Ligand code: F0G
């Protein structure tokens, strides 16, 4: 088993520490389709150990936290950071405290974080309120390490996603399309492409319309979207994300919830099951392509989390109840399918 620290240690500038790893990274980059002269690739980050890209950053942040003598880690989360922090803390022998916006995180993510042994707290308010609270708590307690993406080690770890894309293609893509919530991941990829020194793609940051502060240029007090992972109104790394987009001549773009759900369905019907936040990137890619804003060449959409993370939202477009059957009806069902 080899995780991203073992694989890319010389790019990460880490002190001499024992990595806390679950074998994260090395996720598939699959060819998806060819649109005129654009080759679309999907980076399947849901195949990380806890089902999202957060593991790349968490292996580094938790390794550092343990190395520096922390007893616990803390984070605010829309769910995936919580699950990842809980898993890596458990692996490291540290406690994990995760703070979620009440009623706004999927059951699957809360269950996952709890199963790994985290203490789960909820605040009345949104993600931005939860983040403000944990930042204060960590500031006042040196034994508690903050593992949100405002921790620079998280971003260093997430840079490895960019390294892998370059290693897989043999060069940097022409564009990279990525969902944006708290704006850490787009910043990490940009930093990663820059550090790897093999070219920088146009960075295309996609938000959900109801939570699109980087598109609108103003913070959202009440972010709303079906993509709960990116229901964020005040991205902590907004400044870094703006720099990434400006310097790469990319753009921010917003898509509606209806387009997000349609993209989730389209991906699933091609065998790729992702959560709504990840489908946001693909929805944005399709829209931008239709507008003529996607370059020719290799274009990568980063699909950040597994579809298994949210077992409720897809019920808006799929009926998951099996039809009770007998030997007779199964034959007629098959015949119906084959005659389609
Ligand atoms: N996709 C998924 C599946 C996410 O969980 C997140 C963020 C993003 C995209 C956006 O990444 O915040 O770096 O811009 N989830 C965080 C969490 C906020 O708490 O799990 P970002």
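The table for this structure:
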{"item": "From 325, 312, residue being more than 24 Å from residue 185 (Cα to Cα) and without any contact (Cβ under 8 Å) to a residue 40 or more places away in the chain", "result": "325"}
{"item": "Unmet criterion (only one of (1) surrounded by 21 or more Cβ atoms within 10 Å (Cβ to Cβ); (2) at pLDDT below 95) for residue 309", "result": "(2)"}
{"item": "Selection within region 238-261 - within 21 Å of residue 149 (Cβ to Cβ) and in a helix (DSSP H, G or I)", "result": "238, 239, 240, 241, 242, 243, 244, 245, 246, 247"}
{"item": "Residues satisfying the stated conditions in region 193-237, i.e. part of a helix (DSSP H, G or I) and without any contact (Cβ under 8 Å) to a residue 60 or more places away in the chain", "result": "193, 194, 209, 210, 211, 213, 214, 215, 216"}
{"item": "Helices (runs of 4 or more DSSP H) fully within region 1-119 counting 1 or more residues that are within 24 Å of residue 232 (Cα to Cα)", "result": "54-67, 80-92, 107-115"}
{"item": "Qualifying position, being without any contact (Cβ under 8 Å) to a residue 60 or more places away in the chain and more than 14 Å from the ligand (Cβ to nearest atom), among 72, 115", "result": "115"}
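The values are calculated or read from the model by the stated rules, or taken from the named source; none is laboratory data. Everything numeric in this text was worked out from a predicted model, so none of it was measured. Ideal geometry is used to build each Cβ from the backbone, glycine not excepted, and the neighbour counts take in all protein chains shown.
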